[in-house]
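The values are calculated or read from the model by the stated rules, or taken from the named source; none is laboratory data. Predicted, not measured: the structure shown is a model, and the values here were computed from it. Don't worry about glycine lacking a Cβ; one is built from the backbone with ideal geometry, like all the others, and counts go over all protein chains shown. To get the accessible areas, we keep the full protein, side chains included, count just its heavy atoms, and leave off ligands, DNA and RNA. Shrake-Rupley method; radii C 1.70, N 1.55, O 1.52, S 1.80 Å.
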Amino acid sequence: MTAVFFMWGFLTCLNDILIPHLKAVFELNYAKAMLVQFTFFGAYFLMSVPAGRVVAHLGYKKSIVAGLIVAGIGSVGFWPAASLRLYPAFLGALFVLATGITLLQVAANPYVALLGPEKTSSSRLTMVQALNSFGTFLAPWFGSLLILSTQVKSSTELAELSATQQMLYRTQEAQAVQMPYIGLALVLVLLAIVVWLFRMPVLAESTEQADTSKHTVLHAIRYPHVLFGVLGIFFYVGAEVSIGSFMVNYLSQPSIGHMSEQNAAHYVSLYWGGAMVGRFLGSALLAAFSPRKLLSTFAAINILLLLTTITTSGAVAMYSIVAIGLFNSIMFPTIFALGIERMGPLTGKASSLLIAAIVGGALVPYLQGLLADQIGIQHAFFLPLLCYAYIVFYGLNGSKIRNAPVQAP
C-alpha cells in the first residue's frame, strides 16, 4: 500500500514541473497554465462517485489494480500528445491519468484507515501518506533533470532556426516529456500485477456490500463532520496544490530567489520533502496528541508563514513558502480520517465525497492564477491563506462528531 501511495504522489507532483514547461512551450499566461491542475483535479470531482461505484462492485483490492492500470493508460497518452504538440491533447492524457488516481484515492485511503483500530486511523493514514510525500519529494528532482532539462525556445527564437533545426528541436522537446511518462506507465502496470498477486484483507463489512439499507451519498453528506470534512479537503488540497504549482515561477522572480526554473524545481522538492518529514513525525504525534488540536495548530502556523512570504522578499520570502510543506504534512490524512469516522457501511460513500472535494486542487490554483495575472504572483498567495483559516475552524469545531445526521430539508 505504501508503494501505491508513493506512485500517485509522484505522478501528482510531476504536474508542478509540467506546468512551467507547458507554459513556456505554448506561451501561456498563468490562468491558462493552471488548466493543467484544473483538468487533473477536476477529474476527481467528475469521477469520484463513479469510482465509488467501482469500489462497491469490485472491492478494495481489485479497484486499486484497476486504478493503477487506468493511470498507466493515461501516462501512455503523453506520447501522442507530445508528438502532436497540442495543449488539449496533454490535458486529455492528464484527465485519464487523474481518473486512475481518483480510483486509487477512493479505494486506498479508507482501506488503510480501516486496517486497524479507529483510534489510530489518523496516525496510520499519515504514515502511508509519508510515502506519498516521498513520491512528491522525488518528482520535482526527477522532472527538473528530464522535463526541464531542455531549454524551451520562444516562437521568435524558433522562427530563426532552419527547417532541419526546428525538426530536431521539436523532437528533443517531445522526448523530454514522452520518455518519463512511458517509464511511469511501465512501473504502474508492474505495480498493478504485484498488488493483484498480493494477499490483502477484504474488509467487506465497511463497503456498500454490508449496507442493507442501500444508502446514497446524500445520506453521508447529512453528517456534519462529513460535510465539513468535504470542505476541509477542498480548501486544503486547493492551498497545497496552488503553492506547489506557483513555486517554480515564484522563486525564479528577481525579488524572491533570482534563480533559473531548473534550480527553483529543487526547492519544490524541499516543499514536498517537508511534507514527507512532517508525516513521519506527525504519525507519532497523532498517536500521542489530539488529531483535531494538532490539525488546527499546523494550519495556524501556515497562515503565519504565508503572511511572511507575502510581506517580505529574498531569502525570508523564499524559505517561508518552502516551510509550509512541513506543516501541510498531517492535514490530508487527518481531515480524511476524521471525515469517515464512525461511518460504518457508509464509509465508501463518505470516502467518495471526500475524494470529490480534491477538486479544490483544480479550482483554487486557477483562481490564484487569475489573481496572479491581476495583482502579481506574490500577493495572490492571500488565497491559500484563507483556505488554511477554514482548516483551523475544522480542527477546532467542524470535525466534532454529532449524535445524528442533519435531516434533509
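Sorted by packing (mean other beta-carbon atoms within 10 Å per residue), highest first, where do 58-70, 77-89 land?
Taking the mean over residues of other Cβ atoms within 10 Å, the ranking is 58-70, 77-89.
When only C-alpha pairs under 8 Å and at least 6 residues apart count, what is the relative contact order of the stretch 1-101, in percent?
Here the relative contact order equals 30 percent.
With 28 Å as the limit, write out which pairs from LYS32/LYS400; LYS119/LYS349; LYS23/LYS293 have Cα-Cα distances beyond it, or answer none.
Listed pairs above 28 Å: LYS32/LYS400; LYS23/LYS293.
Give the Rg (one decimal place) followed by the Dmax (whole number) of the chain, computed from C-alpha coordinates and expressed in Å.
20.8, 72
Treating the beta-carbon of each Lys and Arg as +1 and of each Asp and Glu as -1, no other charges, what is the dipole magnitude of the chain about its Cα centre, to the nearest 20 debye?
With Lys and Arg at +1 and Asp and Glu at -1, about 1040 debye.
Calculate the spin-label point distance for ASN29 paired with ASN397, positioning each point 7 Å from the Cα along the beta-carbon direction, and give it in nanometres.
Modelled inter-label distance: 3.8 nm.
How far apart, in nanometres, would the label points at ARG342 and SER290 be if each is projected 7 angstrom from Cα along the Cα-to-Cβ direction?
My value for the distance between the label points is 1.5 nm.
Can you work out the accessible area per residue across the chain, with the rest of the protein chains kept in place, probe 1.4 Å, in square angstrom?
Ligands and nucleic acids excluded, the result is 40 Å² per residue.
Rounded to the nearest 500, what is the 222 nm mean residue ellipticity of the chain from helices alone, with -39500 (n - 2.57) per DSSP H run of 4+ residues and division by all residues?
-25500 deg cm²/dmol
To the nearest 10 degrees, how steep is helix 224-251 against the longest Cα principal axis of the chain, on a 0 to 90 scale?
20 degrees
Could you work out how much longer the chain between ALA389 and ARG222 gets when fully extended? Use 0.36 nm per residue separation minus the Cα distance between them, nm to one decimal.
In short, 57.8 nm is gained.
Order of 295-307, 184-196 by packing, highest average Cβ count within 10 Å first?
Ranked from most to least packed, the peptides come out as 295-307, 184-196.
Need one word for the stretch 58-148: rounded, prolate or oblate. Basis is the Cα gyration tensor (sqrt eigenvalues a ≥ b ≥ c); a/c below 1.5 gives rounded, then a/b vs b/c decides.
In terms of gyration-tensor shape, oblate.
Please compute the modelled spin-label separation between ALA89 and MET179, points set 7 Å along Cα→Cβ, answer in nm with one decimal.
Simple spin-label model gives 2.0 nm for this pair.
Compute the helix-to-body angle for 291-311: its Cα long axis versus the longest principal axis of the chain, expressed 0 to 90° and rounded to tens.
Value to nearest ten degrees: 20.
Once R0 is set to 56 Å, what does the formula 1/(1 + (r/R0)^6) return for the Cβ-Cβ distance between TYR319 and LEU58, expressed as a FRET efficiency to the nearest 0.05?
0.80
Estimate the FRET efficiency between ILE310 and VAL277 by the formula 1/(1 + (r/R0)^6), using the beta-carbon distance for r and 35 Å for R0, to the nearest 0.05.
0.90
Once the Cα atoms of helix 87-114 and of the chain are each reduced to a long axis, what angle between those two axes, in degrees from 0 to 90 to the nearest 10, is obtained?
Long axis of 87-114 versus the principal axis of the chain: about 30 degrees.
Give the relative contact order (percent, whole number) for the chain; include only Cα pairs under 8 Å separated by 6+ residues.
Over the chain, the number comes to 28 percent.
Stretched out fully, how many nm does the piece from LEU115 to GLN374 gain, at 0.36 nm a residue minus the Cα gap?
88.5 nm
So if R0 is 22 Å, what FRET efficiency would LEU186 and MET1 give, r being the distance between their Cβ atoms, rounded to the nearest 0.05?
Once the sixth-power term is evaluated, E becomes 0.60.
Which value, to two decimals, describes the C-alpha radius of gyration of the stretch 303-361 once divided by 2.2 N^0.38 Å?
Compactness ratio reported: 1.59.
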